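The values are calculated or read from the model by the stated rules, or taken from the named source; none is laboratory data. Worth saying up front: this structure is predicted, and the values here are computed from it rather than measured. In this analysis, Cβ positions are derived from the backbone assuming ideal geometry, glycine residues included, and neighbour counts consider all displayed protein chains. Remember, those area values only see protein heavy atoms, side chains included, never the ligands or the DNA or RNA. Shrake-Rupley method; radii C 1.70, N 1.55, O 1.52, S 1.80 Å.
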Amino acid sequence: MTARRLTAAAAVATAAVGALALPAAAAGQPVRPHSDVIVSAVQYDSPGRDDRSNRSLNNEWVDITNTTRRAVNLNGWTLTDESGHRYTFHLRLDGRSTVRVHTGEGRDRKTDVYQDRRAYVWNNDRDIATLRNNHGKFVDSLAWGHRGDHRGNGSSLRR
């Protein structure tokens, strides 16, 4: 093998290995950076009939979990779906705690907040719950129904 062919073969091999080692973001997939706050669970298809009652809407939810011991200020953070529905947080999440974001109407509490919507947000077949901080930077996401995603059993998904 000539030196030129050997150099070309090495370059091709390096490019192939480099392509395999690219982060998922380069391939168009969201990357989950190390984060203290995560999208920990999603109930994307409320149990029972989808009758758009407030009860049914509130049985569709997303859990946001603070995995650290210290409280995190979520004021201005957003939770969105693929269609652009957006919920903006106005709370401080205690350490080692979870807040459940319900789709329907209700009275916000420390462990449950409500989007006050009268229609479902999360698609049953496929969607992505994306959490961003108050500067619009990606924090975490949880997806279902997309090729290669990890799905839960039935209509809920947990990390």
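What to note about this one:
- Sorting the segments 49-56, 67-74, 101-108 by their residues' average number of neighbouring beta-carbon atoms within 10 angstrom, most packed first, yields 101-108, 67-74, 49-56.
- Within the range 42-144: Cβ-based charge dipole about Cα centre, in debye rounded to nearest 20 (Lys, Arg +1; Asp, Glu -1): 520 debye
- Protein heavy-atom accessible surface, 1.4 Å probe, per residue over the range 34-159: 55 Å².
- Estimated at 0.36 nm per residue, the fully extended path between Lys137 and Asp116 surpasses their Cα-Cα distance by 5.1 nm.
- Sequence-separation-based contact order of the range 91-135, relative, with Cα cut under 8 Å and 6+ spacing, percent: 27 percent
- Shape of the range 55-149, Cα gyration tensor, a/c cut at 1.5: oblate
- Full extension of the chain segment joining Arg96 with Asn75 gains 5.8 nm, where the gain is 0.36 nm per residue of separation less the Cα-Cα distance.
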